[in-house]
1. So for the chain, averaging the separation of alpha carbon pairs under 8 Å that are six or more residues apart and normalising by length, what relative contact order in percent results?
2. Give me the percent of Cα-Cα pairs in the chain that sit more than 22 Å apart, rounded to a whole number.
3. Note down the nm distance, to one decimal, between modelled labels 7 Å out along Cα→Cβ at K66 and at F134.
4. Using only Cα atoms, tell me the angle between helix 25-40 and the longest principal axis of the chain; keep it within 0 to 90° and round to the nearest 10.
5. Given 5 Å bins starting at zero, what is the percent of C-alpha pairs of segment 62-124 in each, up to the one with the largest pair distance?
6. Compute the length gained on full extension between Q51 and E82: take 0.36 nm times their separation in residues and subtract their Cα-Cα distance, giving the result in nm to one decimal.
7. As an exercise, identify the GluC sites (Glu not before Pro) in segment 37-132 lying in DSSP coil whose Cβ has no more than 15 other Cβ atoms within 10 Å.
8. Of T15, T78, T107, which has the largest mean-square fluctuation in a 10 Å C-alpha GNM of the chain?
Amino acid sequence: MYSHETSFRVRYAETDRMGYVYYGTYAQYFEVGRVEALRSLGFPYRRMEEQGVLLPVHDMQVEFRKPAFYDDLLTVRTSIVELPSVRIRFAYAVFNEARELITEAATTLVFIDRATNRPRRAPEELLRALVQFFK
């Protein structure tokens, strides 16, 4: 399994009238986690797009345990839980500044060939970067 952590502060615009981070905002937090995890592997998402590979989200599951609030420093731990094939699965754990687990989630994305709009296997370069974490 491969894991990477990234941190950021909650912006005021990301909160609802109750002062909680709006539930829909978490999808953006998970995207930040995914993009930064891939970048940390030396495989930025932009490179995949330039190579004609798209990664739409197939599904997402979320469990909210505690709220996050404006100006909280959050840390998203993003894990790639298995070596990808046509799909790549990510697991997320979101922590507040006290390192309390506030949200858990998972997403599955599908590798799509931009030219054909059909599923394809994960890029070999990405698999080479990941294989060492799954031995």
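Rule-based calculations on the coordinates, nothing more; no lab input. Source: prediction; values computed, not measured. Glycine gets a Cβ as well: all are built from the backbone with ideal geometry, and neighbour counts include every protein chain shown.
1. 30 percent
2. On the way: 3529 of 9045 pairs.
Above the 22 Å cut-off, the chain has 39 percent of its Cα pairs.
3. 3.4 nm
4. 50 degrees
5. Spelled out bin by bin, segment 62-124 gives 4, 17, 20, 15, 12, 11, 10, 8, 3, 0 percent.
6. Details: separation 31, 0.36 × 31 = 11.16 nm, distance 2.28 nm.
Full extension of this stretch gives 8.9 nm more.
7. On the way: sites: E49, E50, E63, E82, E97, E100, E104, E124, E125; in loops: E82, E97, E100.
Sites meeting the loop and neighbour criteria: E82, E97, E100.
8. The residue with the greatest mean-square fluctuation here is T15.
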